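Novice: Here you go, one structure.
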Amino acid sequence: MTNPVHGTRLLPWTSPEGKPCYLLGGTGTGYVSRLADRVEAEQMASAADLIEDAGDILAARSWTPGEIHLLAVELTAHLAEVHRLSRSRGARLLQLESALDEDAALDAGRTDGDEPQSATSGTA
């Protein structure tokens, strides 16, 4: 799934209605970006812990159906978080790649001594 607006970031949480939340524009260094980075890091750490716990539970081979059900529920929730995170990061990587390609194309069109052109034009 791609972001609905170019230059947006899919955040690692949803609205109270369960809809995706996006951060529009920015440099990736603002408060909400840093908060999203922390939430993503916590989600990844929690998923890693659950993977270890799941391995221990399955290796013991003495689980009850209720334990397996709970493990499946937890693994599903964490997998959904990691999937959302990977979609968000993948979209940001594509945006970065696109921006780098545009910069390279602009640089290729310049001759030595040419100054970069402003994206806006107008008369003074």
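Here, each number is a calculation from the coordinates, and none is a lab measurement. As the structure is a prediction and not an experimental result, all values here were calculated from the model. We place every Cβ from the backbone using ideal geometry, glycine too, and count neighbours over all the protein chains shown.
Novice: Quick one: go through segment 34-49 and flag any residue whose amide nitrogen is under 20 Å from the point 7 Å out along the Cα-to-Cβ line of L75.
Specialist: Zone members listed by number: 43-49.
Novice: Say each of Q95 and M44 gets a label point 7 Å from the Cα, pointing the same way as Cα to Cβ; how far apart are those two points in nm?
Specialist: Between Q95 and M44, the label points sit 1.8 nm apart.
Novice: Provide the net charge surrounding A60, with neighbours chosen by a C-beta distance below 14 Å and charges set as Lys +1, Arg +1, Asp -1, Glu -1. Intermediate values should be presented prior to the final figure.
Specialist: Numbers: positive: R61; negative: E52, D53, D56, E67.
That sum, taken over residues with Cβ under 14 Å, equals -3.
Novice: Separation of segment 58-102 and segment 20-51 by C-alpha centroid, Å?
Specialist: Value for the Cα centre distance between the two parts: 13 Å.
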